[in-house]
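A.B. asks: One structure is given below, represented as structure tokens, and several questions about it will come after.
The values are calculated or read from the model by the stated rules, or taken from the named source; none is laboratory data. This structure is a prediction, so every number in the text was calculated from the model and none was measured. We place every Cβ from the backbone using ideal geometry, glycine too, and count neighbours over all the protein chains shown. The area values use the complete protein model at the heavy-atom level, side chains included, leaving out ligands, DNA and RNA. Shrake-Rupley method; radii C 1.70, N 1.55, O 1.52, S 1.80 Å.
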Amino acid sequence: MQIILILSLVAAAIGSGLVAGIFFAFSTFIMTAFARIPAEQGIAAMNAINVTIVRSPFMALFVPTAILCLVIAVLAVIDWRGGASTLMLTGAALYLLASFLSTIIFNVPMNDALEKVSGSGAEAAALWTTYLRDWTWWNHVRTIASLLASAAFVRALMVV
């Protein structure tokens, strides 16, 4: 059981850290660059990313990391280890709630709405302005949560 726990923590630390890096790129320069181009081009670029990402290796990282977090949470509860279990549960909750579920609840519906709007006109420009602000805010949440989850898993490895 110890080797499963350690391997799960290592994989979850790496997975959540990589996800944090991807989200960080969007928060710090991709969305900023999209905001500098005309709405029609920004919408087209973001829609292309949204189609591509669900068929990319990102999904082979994002979803399995969530599954690992569930495994880690279960292991933390069934074999309580005090501070290590608290760190494990903290990391799992951060990733599952503030990264994975917030993606499903907030970012994906915004992506779906963006896909339905025409790339030009006042309606598209207004939606794009709102999208840039709101989507990026939730992406900041996902970035910070994924990074903190990774840190919690690393710290748990140090005390487990």
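A.B. asks: Considering segment 111-124 alone, what residues qualify as being over 15 Å from the mean Cα position of the chain (by Cα) and open to solvent by less than 60 Å² (accessible area, probe 1.4 Å)?
C.D. replies: ALA113, LEU114, VAL117, GLY119, GLY121, ALA124
A.B. asks: Then there's this: If you check every pair at least six apart or on different chains, which have Cβ atoms under 8 Å apart with a residue in segment 119-132 that is hydroxyl-bearing (Ser, Thr, Tyr) first and a residue that is open to solvent by 30 Å² or more (accessible area, probe 1.4 Å) and part of a helix (DSSP H, G or I) second?
C.D. replies: SER120/GLU40; TYR131/MET110; TYR131/ALA113
A.B. asks: Look at ARG133 and say whether it is assigned to a helix (DSSP H, G or I), surrounded by 19 or more Cβ atoms within 10 Å (Cβ to Cβ), charged (D, E, K, R) and at pLDDT 95 or above.
C.D. replies: Here the answer is no, as ARG133 does not meet what is asked.
A.B. asks: If you scan segment 44-58, which residues turn out to be under 21 Å from HIS140 (Cβ atoms) and either among the basic types (Lys, Arg) or in contact (Cβ under 8 Å) with a residue 60 or more places away in the chain (or both)?
C.D. replies: Residues of segment 44-58 that are under 21 Å from HIS140 (Cβ atoms), as a first pass: 45-46, 49-50, 53, 58.
Hits for segment 44-58 are MET46, ASN50.
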